[in-house]
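Visitor: Once you've had a glance at the structure underneath, I'll fire off some questions.
Laboratory data are not the source of any read-out in this text; all were calculated from the coordinates shown. Remember, it's a predicted structure, so these values are computed and weren't measured experimentally. Glycine gets a Cβ as well: all are built from the backbone with ideal geometry, and neighbour counts include every protein chain shown.
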Amino acid sequence: MGPLATWAPLALGLAVLYGPSLWDLFHGIWGKTEYMHGPMVLGLSLWLLYSNWPNMQAAVATCPQHQRSSVWGWPVVVFALLLYVVGRAMDILMFEMGSLIWLLLGLGLLHGGWSAIKAQWFALFFMLFMVPLPGAVVDAVTMPMKMFVSHVAQYVLDMAGYPIGRSGVTLQIGQYTLLVADACAGLHTLLTLEAMGLLYLNLVRRNSLFRNVTIGVLIVPISLTANVIRVAALSLITYHWGDAAGQGFLHGFAGMVLFLSALLLIMALDSGLHAIERWRPKA
């Protein structure tokens with residue numbers, strides 16, 4: 001594995017190959033609120049690749065010469081290019097963008113072997129969160145999530161004494177009617193929060209397998225809880241300040257509340273698990 005500059009031709013080729021795809025995404029589904037996690041994940045993945053580059057070079061440099069490249073890279077590269085062609089020709093975004101991960105995996109095997117992949121595995125895994133999923137899968141998973149979030153939000157506000165009712169995923173609070181949309185409590189929001197939680201685990205680099213696995217699993221209920229907080233906040237904003245406030249600037253502010261509350265819940269869970277681990281040896 002040479003210096004970063006030796007990868008410039010490959011980086012240029014990737015830019016030429018996937019430039020049109022990214023252009024279509026930014027002017028297509030990535031321009032919608034529920035898909036805005038896509039460019040965020042892409043940017044963070046590129047940053048992870050860049051920040052892990054010195055570690056990758058060091059890992060490859062310590063390997064014997066014959067282990068600095070793997071023949072498995074060629075079939076992976078061929079598979080990635082076929083996947084890209086099929087996805088581009090048939091407008092299957094999952095194939096088109098998913099091929100980028102396979103192509104980077106193949107290039108890593110050819111120019112660094114398995115040591116390079118071990119150093120960059122999280123960045124490649126993290127890219128999975130930017131791959132658009134089929135609409136049928138999204139709809140099948142999103143509807144139960146929206147039903148759950150709207151039901152819990154209605155229950156919480158009802159217990160707080162607010163005049164609120166629910167019909168499916170539609171909330172009626174006072175004289176206002178709110179529809180719990182995909183962007184408020186859908187699969188894309190769950191994927192965004194899951195990606196954020198895994199990134200947090202990667203950045204803090206806990207050595208405890210128990211804490212990492214527990215937080216990774218509990219990110220799903222944390223995401224649902226954060227979505228309940230967001231929907232309840234939007235309902236209260238609409239009830240007290242009107243529909244214009246709920247659908248205007250404060251709607252975006254409620255999105256910030258969603259991610260802030262999820263991050264605080266993850267940090268609180270991490271601190272709680274740390275306290276349990278410190279208590280267990282004493283016990």
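Visitor: Return a whole-number percent for the relative contact order of the chain, with Cα pairs under 8 Å and 6 or more residues apart as the contact set.
Guide: 15
Visitor: Okay, moving on. Given labels modelled 7 Å from the Cα in the Cβ direction, how far is it in nm from M159 to L17?
Guide: Here the modelled spin labels are 5.3 nm apart.
Visitor: Quick one: length gained pulling N55 to M94 fully straight, 0.36 nm per residue minus the C-alpha distance?
Guide: Working: separation 39, 0.36 × 39 = 14.04 nm, distance 3.02 nm.
Contour length minus the Cα-Cα distance gives 11.0 nm.
Visitor: Using a 10 Å cut-off around each Cβ, can you sort H151, H27, H274 from fewest to most neighbouring Cβ atoms? Present the calculation step by step, with values, prior to reporting the outcome.
Guide: On the way: H151 16, H27 9, H274 13.
In order of increasing Cβ crowding within 10 Å: H27, H274, H151.
Visitor: Take D139, D24 and order them by how many other Cβ atoms sit within 10 Å, fewest up front. Working shown, then result.
Guide: Working: D139 12, D24 15.
If I rank by nearby Cβ atoms, fewest first, I get D139, D24.
Visitor: Could I ask something else about it? With the crude spin-label approximation of a point 7 Å out along Cα→Cβ, what separation in nm comes out for R205 versus A268?
Guide: 2.9
Visitor: Given the DSSP H assignment, sum -39500 (n - 2.57) over each helix run of at least 4 residues in the chain and divide by its residue total; what's the result at 222 nm in deg cm²/dmol, nearest 500?
Guide: On the way: 11 runs with 214 residues, N = 283.
That comes out to -26000 deg cm²/dmol.
Visitor: Given bins 10 angstrom wide, list per bin the percent of all Cα-Cα distances in the stretch 154-235, short to long.
Guide: 16, 39, 24, 15, 5, 0
Visitor: Cα-based Rg of the stretch 4-130 per 2.2 N^0.38 Å, rounded to two decimals? Provide the component values of the computation, followed by the final result.
Guide: Numbers: Rg = 15.0 Å, N = 127, 2.2 N^0.38 = 13.9 Å.
In units of the 2.2 N^0.38 Å rule of thumb, it is 1.08.
Visitor: Report the full-extension gain for the segment A245 to W7: residue separation times 0.36 nm, less the Cα-Cα distance, to one decimal in nm. Could the numbers behind the result be given before it?
Guide: Values: separation 238, 0.36 × 238 = 85.68 nm, distance 4.97 nm.
My answer for the length gained is 80.7 nm.
Visitor: What whole-number value in cubic angstrom gives the convex hull volume per residue for the C-alpha atoms of the chain?
Guide: Details: hull volume 44.3 nm³, N = 283.
For the chain, the hull spanned by Cα atoms encloses 156 Å³ per residue.
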